[in-house]
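See below for the structure under consideration.
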Amino acid sequence: MNYALIALGITLIFAIMGVLNFAHGQMYVLGGFVTYYVYGVFGLNYFVALAASAVTVACVGLVFERFLFRRVLRITTREESTMLLAAGTALLLDSLGLALFGEKQRGVAPVVAGVYEIFGAFVPASRALIFVLAGGLVGALLLFIQYTRPGRALRAIAQDKETAALQGVDIDRYSALGFALGAALAGLAGGLLVTVFAVNAGAGTPISIKAFIMIMIGGAGVVSGAILGAFVLGFSEALGYFFIPGSTTYLMILVGLIVFLIFRPQGIMGKPWG
Amino acid sequence: MYFAVRHVSVYYDKVRAVSDISLVMDAGDVIAIIGANGAGKTTTLRAVTGLAPVASGEIWFDGHRIDRLRPDRIVGLGISMVPEGRHVFPFMSVGDNLLMGAFARRDRRAIEQDVERVFARFPRLKERRRQQAGTLSGGEQQMLAIGRALMARPKLLLMDEPSLGLAPHLVREIARAILAVNREEKVAVVLVEQNSRMALKVSTRAYVLETGQVALEGRSADLLNNEQVRRLYLGG
Ligand SMILES: Nc1ncnc2c1ncn2[C@@H]1O[C@H](COP(=O)(O)OP(=O)(O)OP(=O)(O)O)[C@@H](O)[C@H]1O
Ligand SMILES: [Mg+2]
């Protein structure tokens, strides 16, 4: 479910702006740190901390969109430019994170105590909580995109930007909304997962790579693909760690991905957008 | 004048696609723009809707100067467009496509009523209201594109080659729909067409574009009988 949040965030940004958000993992890490400080250090309510993560990272997304991507997209149509810019923002956040938060691994205490027994397996209550929260957020996002006026505008921009403008959609405004929303999802995922896995300033890049893997499995820019990709990656990881010791798992996943992409480069759901 | 394009030029990079074009029309009128491939018809409409930057000249609509406005502001003033090649949102349902047409409006009740009106006008869309627009036939997509444009309750409707690629009976159906919309909804129509005969029959006045300039203009009935127009655009 958390993977689904990450994958949906990066999908949203890609579909709306045509920008592959290299900094997605860094945004996730930032979200984790915000929750760490607000909840873990200052001791405020966990949900306040989550909201703070979402808002902070959304603001970072807004600033990136408004001052960097929008300008670059306006003056050039070359994809390399936005790719480089995106990679640049990732490095920027990485070094800022290191400077601000240091190298230490930061975790927080579980939000709720206790253990549930579900079908004979023992699940810590805090894990169950973030699973449910993440699921709720994914559901809310899908409903928002499918059934609300702004959601329709976002879909319209993703499918045909000029025609969306012809219907009266303010492209700049809704692109900013899409970017902020995608970033907020990364922040939320960070805020949720920091309660289970600690974060550190260098953790961004691997998360970004996982996000890329998920959307490559599912098909870039497709909502259903993002969710599918998240589940495929989640299950492969779980299976891999269960059956194969150590770090071979990711090697296998990557090899599997490359083989898969040879046969189906557009991903499972691969259409331009859905 | 209700709608006026005055000495407008449009460039793509350094290439001039439209040079010094002027058009005028009265409220409630239907005018046609005809011309060969690459004459600048689409570019003219794109300039009106704000999609193509106007390098020089002015565009006026209903008392507003619109040549420096963004597309979404121009829609808000009451101009909507049926783009060349339909451009329905392919992965959206027919119903959602129509709702997108009403994006600039906030009156929910009236929007729902207007959806029903579009369905009454194009019953085939109603049967397919939950179907993805990309899976519709060409003719159905054209009807959807027209319906979507009507959902904005426009005062001026710009149509770019609505008959393109349609079978003759569908072309007649589209032509009837254009006239019906013009009369019943009191919408002024600018009709861009390669099908010059249809366009000249439907419109009251027409402009003939050649290489980005107005080569000829006049009453459509006169142009239908004009020797040069007959030879170049009506096939003899
Ligand atoms: N995006 C673009 N970039 C560069 N040049 C363009 C672009 N769009 C159109 N042009 C050029 O501008 C000129 C006018 O094109 P336009 O599309 O307005 O013609 P048209 O009359 O609509 O033609 P058609 O009947 O084929 O639709 C053409 O010479 C065309 O090559
Ligand atoms: Mg054209």
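Computed from the coordinates by the stated procedures, all read-outs in this text should not be read as laboratory data. All values derive from a computational prediction rather than experimental measurement. Note: ideal-geometry Cβ built from the backbone for every residue, glycine included; neighbour counts use all protein chains shown.
Brief remarks on what is shown
- Cut-off 11 Å, label 7 Å out along Cα→Cβ of A:Gln105, residues of segment A:183-198 by amide N: A:197-198
- Check: segment A:2-201 dipole with +1 on Lys, Arg Cβ and -1 on Asp, Glu Cβ, in debye: 260
- Sites counted here are trypsin sites (Lys or Arg not before Pro) in a DSSP loop (not H, G, I, E or B) having no more than 15 other Cβ atoms within 10 Å; the longest part of chain A that contains none of them is A:105-274.
- Modelled label reach - A:Ala125, point 7 Å along Cα→Cβ, segment A:26-50 residues with backbone N closer than 19 Å: A:40, A:44-48
- With a Förster radius of 45 Å applied to the beta-carbon distance between B:Ala36 and A:Val255, the computed FRET efficiency rounds to 0.20.
- Each of A:Ile16, A:Ile75 has some number of other Cβ atoms within 10 Å of its Cβ, and from fewest to most they run A:Ile75, A:Ile16.
- Axis of helix B:138-150 versus longest Cα principal axis of chain B: the two differ by about 90°, to the nearest ten degrees.
- Gain on full extension, evaluated as 0.36 nm per residue between B:Thr135 and B:Arg106 minus their Cα-Cα distance, stands at 7.5 nm.
- Residues in segment B:20-47 reached by a label modelled at B:Tyr2 [backbone nitrogen below 20 Å; 7 Å Cα→Cβ]: B:22-34, B:45-46
- Across segment A:131-187, Cα pairs under 8 Å and at least six residues apart give a relative contact order of 20 percent.
- On Cα atoms only, tilt of B:168-184 relative to the major axis of chain B in degrees: 90
- Efficiency of FRET between A:Leu62 and B:Arg73 - r from beta-carbon atoms, R0 35 angstrom, step 0.05: 0.95
- Each Cα pair under 8 Å and six or more residues apart adds its separation to the average, and for chain B the resulting relative contact order is 27 percent.
- Neighbour-count order for B:His7, A:His24, B:His87, fewest beta carbons within 10 angstrom listed first: B:His7, B:His87, A:His24
- A:Val112-A:Ala238 FRET efficiency (beta carbon distance; Förster radius 25 Å; 0.05 resolution): 0.65
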